[in-house]
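The structure appears below as structure tokens.
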Amino acid sequence: MSGADEQWTIGRLLKWTTDFLAARGADSPRLDAEVLLAHALGCRRIELYTRFDELPDDPRRAAFRELVRQRAGGMPVAYLVGHREFYSLSFRVTPDVLIPRPETELLLVRLLDLAKQHRSSRSGSRETSDRGRETSDGGRETSDAADETSAAGGTAESLQIADVGSGSGILAICAARALPGARVMAIDISPAALAVARENAQALGVTEHIEFVESDLFAALEPQPRFDFIVSNPPYVRSDELAGLMVDVRKFEPRLALEAGPRGTEVIERLVPQAAQRLKPGGWLLVEISPMIEPAVRQLLASDPAFEPPASVKDLAGQFRIVQARRRP
């Protein structure tokens, strides 16, 4: 980005940066260039398309130049701009947390689908029970507790959800927003990650619905509470896979949230029996996985007598991405 007679308009900056990042192996050089330039200019990315002939001032060009330099060195764009979109929401991210991936939206959608089914079936059971409480004179029994439950949208029977390995809080926060009345616990071993999750919960207005707990899986929790759903995107990268990861993942994202161990299933091996103890009868465990460890994870759940036979769910690319299992009633 030099040259005495060159006019570095927004359009030209984007063209030069796209070529520069492409030459250094960026997967999406044009998108990277647009996101970084919009961040340096303090505008939305779409606004760049109406400002191609504009000449940014020197301070903004200098800020953009530094962002491009760091991106060329492998620093992920999400860390450079400080946020990433997930499920149409903007989440703050730092090098203390994994960058949200589109694949994890499948885990959230599966959780929401099962949660709505769970609520519907429980609501039907409650209606049947209520009909059975008719009195001999044709009236109906009522109680303050029952009225309070109804008015609060199911306070006494609200869904209890645990997000284990919460990171930036994407699953916990989206669940709290999509399932009114649910109580969500965001669990992570990293206090720095939990701090980011708290910021996101505050920004998205769900702090009062989420409890944040620093813990290695469930180790720091009391025997109660028990959950209707336990959802987790745990570390599942094998140690021998690390060297083959893209440089922006391998060098910059937290290894604690990536690497599981030589088999890739070490964290899940500990999670499964703990989840069996923490789930209510009929509750669900949903785990995001690498397709390469799907058979091993499915076998882990199939061999645990607390669970019904597990099922695996494929992503849009046809790869197994989730293993789920229901605790026996």
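Just so it is clear, none of the values below were taken in a lab; they were calculated from the coordinates. What you are looking at is a predicted structure, and each value in this text was computed from that prediction instead of being measured. Quick reminder, even Gly has a Cβ in these numbers, built from the backbone with ideal geometry, and neighbours come from all protein chains shown.
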What full-extension length gain, to one decimal in nm, is calculated for Leu316 and Ala178 as 0.36 nm per residue of separation minus the Cα-Cα distance?
-> 47.5 nm
Set Lys and Arg Cβ to +1 and Asp and Glu Cβ to -1, take the dipole of the chain about its Cα centre, and tell me which of Met185, Ala72, Ser158 lies farthest positive.
-> Ala72
If each of Arg328 and Ala22 carries a label point 7 Å out from its Cα toward its Cβ, how far apart are those two points in nm?
-> 5.9
At R0 = 25 Å the Cβ-Cβ FRET efficiency linking Glu308 and Ser120, nearest 0.05, sits at 0.85
For the chain, the dipole about the Cα centre with charges only on Cβ (Lys and Arg +1, Asp and Glu -1), to the nearest 20 debye, works out at 560
At a Cα cut-off below 17 Å, give the lysines reachable from Lys280, other chains included and same-chain residues fewer than 8 away excluded.
-> Lys116
Cα-centred dipole magnitude for the range 191-299, charges only on beta-carbon of K, R (+1) and D, E (-1), debye, nearest 20 | 220
Please report, in debye to the nearest 20, how large the charge dipole of the range 10-73 is about its Cα centre when each Lys and Arg carries +1 at its beta carbon and each Asp and Glu carries -1 there.
-> 100
Label assignment, P(r) over Cα pairs in 10 Å bins from 0, in percent derived from the structure, set (1) 5, 22, 28, 20, 13, 7, 3, 1, 0, 0; (2) 5, 24, 31, 24, 13, 3, 0; (3) 6, 27, 37, 23, 6, 0 = (1)
If the cut-off is 30 Å between C-alpha atoms, which lysines fall inside it for Lys15, apart from same-chain ones fewer than 8 positions away?
-> Lys251
Sort Trp284, Trp16 so the one with the fewest other Cβ atoms within 10 Å of its own Cβ comes first.
-> Trp16, Trp284
Of Asp315, Asp32, how do they rank once you tally other Cβ atoms within 10 Å and put the fewest first?
-> Asp315, Asp32
Looking at the range 29-107, which GluC sites (Glu not before Pro) are in a loop (DSSP not H, G, I, E or B) and have at most 15 other Cβ atoms within 10 Å?
-> Glu54, Glu103
Quick one: work out the % antiparallel among DSSP beta bridges in the chain, nearest 5.
-> 40
Using a Förster distance of 30 Å, how high is the FRET efficiency between Gln299 and Leu112, based on the Cβ-Cβ distance and rounded to 0.05?
-> 0.65
